[in-house]
Amino acid sequence: MARKSYRQAINEALRQEMERDSRVILMGEDVAGGMGAEGEDDAWGGPLGVTKGLMPIFGRERVLDTPITESAFIGAAAGAAATGLRPVAELMFVDFMGVCFDQIFNQAAKFRYMFGGKAVTPLVIRTMYGAGFRAASQHSQCLYPLFTHIPGLKVALPSNAYEAKGLLIQAIRDDDPVIFFEHKAMYDEEAEVPDEAYAIPFGEANVTREGEDVTIIAFGRMVNLANEAADRLAKDKISCTVVDPRTTSPLDTETILETAAETGRVVVVDEAHPRCNMATDVAALLVQEAFGDLKAPVRMVTGPHAPVPFSPALEDLYIPSAARIEAAVRELVAGS
Amino acid sequence: MARKSYRQAINEALRQEMERDSRVILMGEDVAGGMGAEGEDDAWGGPLGVTKGLMPIFGRERVLDTPITESAFIGAAAGAAATGLRPVAELMFVDFMGVCFDQIFNQAAKFRYMFGGKAVTPLVIRTMYGAGFRAASQHSQCLYPLFTHIPGLKVALPSNAYEAKGLLIQAIRDDDPVIFFEHKAMYDEEAEVPDEAYAIPFGEANVTREGEDVTIIAFGRMVNLANEAADRLAKDKISCTVVDPRTTSPLDTETILETAAETGRVVVVDEAHPRCNMATDVAALLVQEAFGDLKAPVRMVTGPHAPVPFSPALEDLYIPSAARIEAAVRELVAGS
Amino acid sequence: MQLSRDELVRAYRTMRTIRAFEDRVHEEFSAGNIPGFVHLYAGEEASAAGFCLHLEDRDNIASTHRGHGHSIAKGCDVRGMMHEIFGRKEGLCGGKGGSMHIADLEKGMMGANGIVGGGPPLICGAALSAKYLKTGGVAIAFVGDGASNQGTTLESYNLAKVWNLPAIFVVEDNGYAESTASAWSVGGSQLDRAKGFGMPGHQVDGHDFFAVHEVAGEVIARARAGEGPSLVHVKFSRYYGHFEGDAMTYRASDEIPRLRKDRDCLELFRKRVLEAALLEESELDGIDEEINSHVAQVTDEAKAAPMPTERDLLTDVYMRY
Amino acid sequence: MQLSRDELVRAYRTMRTIRAFEDRVHEEFSAGNIPGFVHLYAGEEASAAGFCLHLEDRDNIASTHRGHGHSIAKGCDVRGMMHEIFGRKEGLCGGKGGSMHIADLEKGMMGANGIVGGGPPLICGAALSAKYLKTGGVAIAFVGDGASNQGTTLESYNLAKVWNLPAIFVVEDNGYAESTASAWSVGGSQLDRAKGFGMPGHQVDGHDFFAVHEVAGEVIARARAGEGPSLVHVKFSRYYGHFEGDAMTYRASDEIPRLRKDRDCLELFRKRVLEAALLEESELDGIDEEINSHVAQVTDEAKAAPMPTERDLLTDVYMRY
Ligand SMILES: Cc1ncc(C[n+]2csc(CCOP(=O)(O)OP(=O)(O)O)c2C)c(N)n1
Ligand SMILES: Cc1ncc(C[n+]2csc(CCOP(=O)(O)OP(=O)(O)O)c2C)c(N)n1
Ligand SMILES: [Mg+2]
Ligand SMILES: [Mg+2]
């Protein structure tokens, strides 16, 4: 097993699934790059190089560059999925959902139900999310709560390279439309990643550590901050369970409820804006289903109800930090 | 004071604000109707006649029909709002947000923040939502949780004709972008509506009744079902407080927390799909801020995690009912 | 292009079935037996029939909110459709879709669509599948004049061109989008737009089945030959309101009677084949009768058929969750 | 159109300011002093200058992710811009927007935009305001060749036409959208598209300030006269990568040096005005020097200026909440 970056893990998952199944194709803006230009082919491989190297292996027939026309090509991916292919489309930044959401939430997501169970739509949409890149308000959003809200979609949020590879392979093999969220600030982060292909099932949370005092439920990149906070807290003999639900839809409510019951104190960490987000989703689950197990208020650590600012000085204050998670845990422990 | 329908109340609010302020203009598909056609002018007044009669008064300069081109005209409304007008744009069904969401959530909503406080965008988007019309999966959604998630937007959900008039007038006078949700199944419902113009402030919940046993917090059309349930429960000496928050953003957390504390038992009713919705938003608020006041689990009564079905037989099962609200209240009361 | 006797019969049957179906749905809606939003295709039959007569199951079409005609022409089961419109369990979509979401993927009917402009992107995908899987299939997006202004439609023109897809865009211009005239809402012209995106464009009288069929044959052959997308601007009219319940005050009062009298696609078809002695009047009348009674029968069945039940409410959301 | 001496100086100053600004931003980015996504306009100055020289504060423009040039040409404060790009409190947007969101509504600059195709709908709105309020103003959307395929842009063409708005769409075709050549991504042609939506279309060499200025004058006059929208296809090139950090492997290796040598808009401008004896070389050199030192000064100031603080994080979300 070798150490690989989040970027490499995703690239490898795509390559292995494309090798395995010729119906898997990629499409997106500059996923290869250089169309019609005089210089090198495979010039980009996506803006951050995640799909680089795939076009030379699989050809332009399977790695399709597109014009800037998200409705048309995300819709084309949905249409292709409903007619025999297994497309992986790249919505470069999830912030661009606003120009193509219809094809995702009214078309792909609803085919099966509207058509009385007769459609199968094995579509994957890979997309970048999250703050920390100094990319400002229109390139830093999370927005997975919006997709989680929509029945018919599945939503994956890999928290490290190992998770990214396994969840992406599952996404590609999955017969339902999956929105696969890649945190742009994590592409260079490394983890041990097996060379062979493996799928991580959806709806099964990963408990990254077990503790007795507080359960931290965190999403995507926040899992790492939660673990960091837990490390620091451990030094003060506060022991935490950290849960990475891996997918927000389906959500592993069982593990959440179990681990919450074990400690009776829960912090939910969600990088997204605070209203109608995953933190509220989990907190609400707990107060409805695990009320008797709770010894203390559920604490939500989230981004604020404000767009993401550009200035590094502000953005650093904006993003939930390990320190804020730590503080929330301490508060809970102190309060009881 | 006369009884007026929800439709009339909205029409009256538009008329009075247009009379008051010449910068208020309307735009949307067939908001007047008959453009370029040989028959009558003002042929439609919107698909359900809500804007009927306004064009003859204010002319086509102020009541603008549009091609079917939501990105362009909703964006135009945003651009006009940022340059001196106070447009009220009609997004016929909120289900169509997928073809124009960018102009709402990345443009109008973020101008002020991105531009460092220098933009003012007095935009209103009126839109129809909700099930019960046998309009199937793409014309029956709620989706207000998605808008509530977005910082920079305000979201109003009038629960009857009186509320509709007052909240719409506030929306038009408001200097921030407001998404105004009209429940399509309520247009013929009547209430006492004053003839004169009045504004209902945003972020101030309406407590429609006060009780001792359970607090029901309900949104939009669900307020009426909640009151119906409360009526029935009253016969069995179960007394309920019913709260209509009126706006989901801003949300009157104070009233919610207060009324929850008074009874210690809360049911939240939200017609939307259950994940990351307003029910979770309120339940999460309670378990974070009012944990000590809660005597029982918070019960959420919502639509299911499935698209809205067409068949009347299924749709009737789909929508939260007064009976389900009643059952949730009884369960809470019995459990304690 | 000379059609065989069989093809002529098929064409007429298709158009007559659509007409009979729509007339009956209109009646049932007026009687309060059908709920929801229902958009009828009566008057426009020659377009669906003219294109779909060239198609096989491997070919895909995407329809609009006004989808009954395309569905019938593409081979959807009429009984299943009527059940669907009545929201019955045995409907083509189990009652979950209704009029606006009739689909049958096995027949290559990718769905009516409640979203104006929803279909063209999907059709780019179906065309991509056909191209990639080398099925020889083509994919057709029917869009209204109103939908021809929607960004999703316009983007799809470009994508189909740039990817050189076997896709065809049929702009069914019935003169109105709801109450708004296409003469007002469409800046420029459909033909110039085709050119603007580098596609061949054709305009055709949509009341004339033979004219539509001819052009359809050309653009479909072109697509099958790998020569890329085309646009066809079909001009005609609808007989009923935008949706059922529309009083149509925006139309001149004599517009529809005039059209029905002079430009009805079924009448024109009959006239033509009778004059050319290709089919017999009695044969056509026999078809009419047979179809009318079939539609009556499936309608009666649908009205008596069971509704879906609570057990159906939450199925079919996912393949697996 | 004969420009006055003052206008010539203004044009040159504008273009030189943009160039100096972009070159300096490039340097600072390369040195690691500027974070985020930064897209430079160097090489394209004649377009922003050629159009904006005709405009006043009552006229609005919407820009793109590559917005520095338009901002400067429309009169945004260069010091405020540089502060903004460095994320400083005194930036034009208080540091909240950064390079991709520079705006100054009082100057009629409605914002750079992180969304490709985000601007054209907004410009329809600004044009509507101008028309409704009878300000005599016009509104211009600058879009890239890539953005010219986006549905939001295409829809806006139609809306502007149908509403007969004083709107202008400037397709700045610098040959690439990221690494994708416009020769590939644009089906049809920009001029044919203009026709497709019923607008006059013009094509112009974007390296030639005078050519741009001339066409701009025409379409702006047309819009001011109430005669509706136009499209202008400006062809030229960008000198730097798509964004800072782009290695530009997709471009032929001699492409940029060749362009800089033969088709540089500033060089061409100098040559023309010197040959025609309209301005003196020393004057131009003086302007260069002055501007370079101004840009250097504001950069130094920006780098030393204070950042916004926690108190600024949650302000400006609403007018009132
Ligand atoms: C995105 C979207 N916008 C608006 C509507 C509402 N709507 C339904 S049909 C229609 C008119 C469509 O006109 P056209 O495309 O000409 O088709 P026709 O009804 O004439 O067949 C409108 C505006 C919709 N369903 N989807
Ligand atoms: C809706 C949307 N899609 C994709 C992007 C990513 N993106 C940013 S700039 C760009 C290329 C734009 O090309 P063009 O319009 O030609 O402008 P240029 O960069 O050449 O000035 C892309 C794809 C985006 N910002 N917004
Ligand atoms: Mg039409
Ligand atoms: Mg470009």
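FYI, it's all coordinate maths here, none of it is from the lab. Please read these numbers as outputs of a predicted model, since none were measured by experiment. FYI the Cβ positions are ideal-geometry reconstructions off the backbone, even for glycines, and counts take in every protein chain you see.
Below are the figures for this structure:
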{"quantity": "Taking only Cα atoms of region A:206-334, radius of gyration then Dmax in Å", "calculated": "13.8, 44"}
{"quantity": "Helix A:253-263 axis, angle to chain A major axis (alpha carbon atoms, nearest 10°)", "calculated": "30 degrees"}
{"quantity": "Distance between region C:42-84 and region C:1-22 - C-alpha centres, whole angstrom", "calculated": "12 Å"}
{"quantity": "Cα-based reach from C:K271 at 27 Å (exclusive), listing lysines while leaving out same-chain residues under 8 positions away", "calculated": "C:K74, C:K235, C:K261"}
{"quantity": "Number of partner chain Cβ atoms within 10 Å, mean per residue of D:193-202", "calculated": "5"}
{"quantity": "Computed [θ] at 222 nm, deg cm²/dmol, chain C (DSSP H ≥ 4; -39,500 (n - 2.57); rounded to nearest 500)", "calculated": "-14000 deg cm²/dmol"}
{"quantity": "Rounded to 5, percent antiparallel among DSSP beta bridges of region C:5-306", "calculated": "10 percent"}
{"quantity": "Chain B shape via C-alpha gyration tensor axes, a/c threshold 1.5", "calculated": "prolate"}
{"quantity": "Of the trypsin sites (Lys or Arg not before Pro) in region B:267-320, those whose Cβ has at most 15 other Cβ within 10 Å and which sit in DSSP loop", "calculated": "B:K295"}
{"quantity": "Alpha-carbon centroid distance for the pair region A:99-163 / region B:60-114, whole angstrom", "calculated": "24 Å"}
{"quantity": "Chain C: most fluctuating residue of C:G198, C:G228, C:G32 per GNM, C-alpha cutoff 10 Å", "calculated": "C:G32"}
{"quantity": "Antiparallel DSSP beta bridges within the protein assembly as shown, percent to nearest 5", "calculated": "20 percent"}
{"quantity": "Antiparallel %, DSSP beta bridges [both residues in region B:3-192], to 5", "calculated": "10 percent"}
{"quantity": "Positive-end residue, region A:210-336 charge dipole about Cα centroid, Cβ charges, pick of A:G335, A:P309, A:L285", "calculated": "A:P309"}
{"quantity": "Filtered trypsin sites (Lys or Arg not before Pro), region C:1-106: DSSP coil and at most 16 other beta carbons within 10 Å", "calculated": "C:R58"}
{"quantity": "Helix runs (DSSP H) in chain D reaching 18 Å along axis by Cα, Kyte-Doolittle at least 0.5", "calculated": "D:119-133, D:209-224"}
{"quantity": "Relative contact order (percent, whole number), chain A, Cα cutoff 8 Å, 6+ residue spacing", "calculated": "16 percent"}
{"quantity": "Region D:257-293-region D:102-120 distance, computed between alpha-carbon centres (Å)", "calculated": "29 Å"}
{"quantity": "Region B:1-152, relative contact order in percent, only Cα pairs under 8 angstrom and at least six apart counted", "calculated": "20 percent"}
{"quantity": "Highest-MSF residue in chain D out of D:C93, D:C52, D:C124 [GNM, Cα springs under 10 Å]", "calculated": "D:C93"}
{"quantity": "Label distances, nm, A:D231 versus same residue in remaining copies, Cβ-directed 7 Å point", "calculated": "6.1"}
{"quantity": "Coil-residue GluC sites (Glu not before Pro) of region C:202-283, DSSP, other Cβ within 10 Å capped at 11", "calculated": "C:E280"}
{"quantity": "Point-charge dipole on Cβ atoms (K/R +1, D/E -1) for region C:164-275, about Cα centre, debye to 20", "calculated": "160 debye"}
{"quantity": "Cα shape, chain C, gyration tensor, a/c 1.5 rule", "calculated": "rounded"}
{"quantity": "Options D:N60, D:F243, D:I291, ranked by Cα towards positive dipole end of chain D, top entry (Cβ charges)", "calculated": "D:N60"}
{"quantity": "Estimated dipole of chain B in Debye, rounded to 20 [Cβ of Lys and Arg +1, of Asp and Glu -1, Cα centre]", "calculated": "460 debye"}
{"quantity": "For region D:36-175, size of Cβ-based charge dipole, Lys and Arg +1, Asp and Glu -1, in debye", "calculated": "340 debye"}
{"quantity": "Folded to 0 to 90 degrees: helix A:278-289 orientation relative to chain A principal axis, Cα", "calculated": "50 degrees"}
{"quantity": "For the protein assembly as shown: rounded, prolate or oblate by the Cα gyration tensor [a/c cutoff 1.5]", "calculated": "rounded"}
{"quantity": "Among C:I287, C:I85, C:I61: highest mean-square fluctuation, GNM of chain C, C-alpha pairs under 10 Å", "calculated": "C:I287"}
{"quantity": "Angle in degrees between helix A:70-81 and the longest Cα principal axis of chain A, rounded to the nearest 10", "calculated": "80 degrees"}
{"quantity": "Distant-in-sequence amide H partners of D:A177 (H built 1.01 Å from N, under 5 Å)", "calculated": "D:S182"}
{"quantity": "D:E106/D:E290 FRET efficiency (R0 30 Å; Cβ-Cβ; nearest 0.05)", "calculated": "0.75"}
